[in-house]
Amino acid sequence: MKKILIIGEDNACRSQMAEGWMRYYTRNHAEVVSAGLTKQPVDLHAANSMSNAIIDISRHVSKSIEEVNGEEYDFVLYVFEPASLDGIELKGTPKVIVQPFDKPQQGANAKETDANYARIRDEIENYCFDFAHQYIRKLY
């Protein structure tokens, strides 16, 4: 089984969304975990947005990279643009992919905020769908 590590800045929003979508699209064909350079509680707007798209991340727990870097991964996906890839030591030789997504912004009102999160959620979903079918479960 392939192992995927998704790294975000604080493991609160984009990396949690990506973990939810990646688990959904790899469906027991990959072990998926996310972590952050730091850790913050899961963003409630992100959890709500994912729930609107049938994925429940409300029980996800934020993790720091130190909590998961003892494992060997086949893929490491950065969902932000890191200043450098040198600071994180990884076991083995994973395929490292940098695929930054915008940070969802608070809008002038709830409707605008929801739309901002939905846009990022959908971008992440599309990427995870393509990733899963390119590397994990080929479509025939």
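Quick look at the numbers
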quantity: Residue 40 being in a loop (DSSP other than H, G, I, E, B), at pLDDT below 95 and among the polar types (S, T, N, Q); calculated: no
quantity: Test: residue in segment 104-125 that is touching a residue at least 12 places away in the same chain (Cβ under 8 Å) and touching a Cys at 6+ places or on another chain (Cβ under 7 Å); calculated: yes
quantity: Residue in segment 32-51 that is without any contact (Cβ under 8 Å) to a residue 12 or more places away in the chain and among the acidic types (Asp, Glu) present; calculated: no
quantity: Hits in segment 59-72 - residues which are of a type in the set (Gly, Ala, Ser) and either surrounded by fewer than 13 Cβ atoms within 10 Å (Cβ to Cβ) or touching a residue at least 60 places away in the same chain (Cβ under 8 Å) (or both); calculated: 70
quantity: Selection within segment 82-106 - exposed (fewer than 14 other Cβ atoms within 10 Å of the Cβ) and either closer than 13 Å to residue 6 by Cα or small (Gly, Ala, Ser) (or both); calculated: 83, 84, 87, 92, 95, 98, 100
quantity: When residues of segment 113-132 are limited to those that are buried (at least 18 other Cβ atoms within 10 Å of the Cβ) and of a type in the set (Phe, Trp, Tyr), the one farthest from residue 17 (Cα to Cα); calculated: 131
quantity: Selection count where residues are closer than 14 Å to residue 14 by Cα and polar (S, T, N, Q), scope segment 70-128; calculated: 4
quantity: Checklist (1) of a type outside the set (Gly, Ala, Ser); (2) crowded, with 19+ Cβ neighbours inside 10 Å; (3) more than 18 Å from residue 8 (Cβ to Cβ) applied to residue 138, failing item; calculated: (2)
quantity: Check on residue 51, surrounded by fewer than 16 Cβ atoms within 10 Å (Cβ to Cβ), assigned to a loop (DSSP other than H, G, I, E, B) and either in contact with a strand residue (DSSP E or B) (Cβ under 8 Å, 6 or more places away or on another chain) or not charged (D, E, K, R) (or both); calculated: no
quantity: Test set (1) surrounded by fewer than 23 Cβ atoms within 10 Å (Cβ to Cβ); (2) assigned to a loop (DSSP other than H, G, I, E, B) - residue 11 fails condition number; calculated: (1)
quantity: Where residue 28 falls short, out of the listed (1) at pLDDT 95 or above; (2) in a loop (DSSP other than H, G, I, E, B); (3) surrounded by fewer than 24 Cβ atoms within 10 Å (Cβ to Cβ); calculated: (1)
quantity: Some residue of segment 66-86 being in a strand (DSSP E or B) and among the small types (Gly, Ala, Ser); calculated: no
quantity: Filter pass, residue 55 being closer than 17 Å to residue 24 by Cα, hydrophobic (A, V, I, L, M, F, W, C) and out of contact with any Cys (no Cβ under 7 Å at 6 or more places or on another chain); calculated: yes
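The values are calculated or read from the model by the stated rules, or taken from the named source; none is laboratory data. A quick note: this is a predicted structure, and the numbers were derived from the prediction, not measured. Don't worry about glycine lacking a Cβ; one is built from the backbone with ideal geometry, like all the others, and counts go over all protein chains shown.
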